[in-house]
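Here the structure is laid out as structure tokens; the discussion comes afterwards.
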Amino acid sequence: MQKTFNTTSEQDSIKLAEQFSRIAQRGDVFALYGTLGMGKSVFARAFIKNLCHTDEVPSPTFTLVQSYEAPAFTISHFDLYRLKDQDEVFELGFEEAVYGGVSLIEWPEKAGAWLPKDIFKIEITPKGEGRLFTVTVFSEDKERRLEQIK
């Protein structure tokens, strides 16, 4: 199933991320695809801030991963841009994160074959002054939850 969302401002993208945070469950992976400047980090920060009630959400560009404690699970925010080889994800606690908590992954293509198949695949592309979020899911459970996003 695929569903698209148009945002016309950064604030719209933040509101969309907050909606996604409300449907998140342990074991979910939100794979954020898009070129530089598309808003992957904006989406991830808003998602984390909404669940963790924190204003401090630094980018994991240099640390590659940041973790946050939400009430129901740990959120791992990965930025895989600087990885040279897909096997490097294991040095980041990738496997434990994607199966034991909720993961937001920027540059998920760098995880190669290690990226789980049952994910929220979120492709962000420019559309006029805003962004087009194309979300693809691969299971009935995720389809039901995606339908809750307006």
*Residue check: is residue 123 within 28 Å of residue 4 (Cβ to Cβ) and within 13 Å of the chain's Cα centre (by Cα)?*
yes
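Please find, within the range 3-37, the residue that is farthest from residue 140 (Cα to Cα) out of those that are within 11 Å of the chain's Cα centre (by Cα) and free of Cβ contacts under 8 Å to residues at least 60 places away in the same chain. Talk me through it step by step, then tell me what you get.
Just the residues of the range 3-37 that are within 11 Å of the chain's Cα centre (by Cα), to begin with: 17, 20-21, 24, 28-33.
Next, from what is left, pick out any that are free of Cβ contacts under 8 Å to residues at least 60 places away in the same chain: 17, 21.
Details: 17: 21, 21: 18 Å.
Selected residue: 17.
Report, by residue number, each residue of the range 77-104 that is among the hydroxyl-bearing types (Ser, Thr, Tyr) and under 12 Å from residue 28 (Cα atoms).
Taking the range 77-104 and keeping what is among the hydroxyl-bearing types (Ser, Thr, Tyr), we get 81, 99, 103.
Result: 99, 103.
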*Taking the range 81-117 on its own, how many of its residues are touching a helix residue (DSSP H, G or I) at 6+ places or on another chain (Cβ under 7 Å), free of Cβ contacts under 8 Å to residues at least 40 places away in the same chain and either exposed (fewer than 13 other Cβ atoms within 10 Å of the Cβ) or within 17 Å of residue 20 (Cβ to Cβ) (or both)?*
1
*Given (1) exposed (fewer than 14 other Cβ atoms within 10 Å of the Cβ); (2) β-branched (Val, Ile, Thr); (3) more than 18 Å from residue 108 (Cβ to Cβ), index of the condition residue 23 fails*: (1)
*asked:* It is to be established whether one or more residues within the range 48-58 are closer than 21 Å to residue 131 by Cα, surrounded by 14 or more Cβ atoms within 10 Å (Cβ to Cβ) and within 12 Å of the chain's Cα centre (by Cα).
replied: yes
*Does residue 78 satisfy the condition of being touching a residue at least 24 places away in the same chain (Cβ under 8 Å), closer than 21 Å to residue 123 by Cβ, out of contact with any Leu (no Cβ under 6 Å at 6 or more places or on another chain) and assigned to a strand (DSSP E or B)?*
yes
*Residue that is in a helix (DSSP H, G or I), of a type in the set (Lys, Arg) and over 24 Å from residue 2 (Cα atoms), where the choices are 110, 84, 49*: 49
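Would a scan of the range 125-140 turn up a residue that is in contact with a Pro (Cβ under 7 Å, 6 or more places away or on another chain) and touching a residue at least 40 places away in the same chain (Cβ under 8 Å)?
If we filter the range 125-140 for residues that are in contact with a Pro (Cβ under 7 Å, 6 or more places away or on another chain), which is where we start, we get none.
No - not one qualifying residue is present in the range 125-140.
Just so you know, all these numbers are worked out from the coordinates, no wet-lab data involved. Computed from a predicted structure; not experimentally measured. Cβ atoms come from the backbone with ideal geometry, glycine included; neighbour counts cover every protein chain shown.
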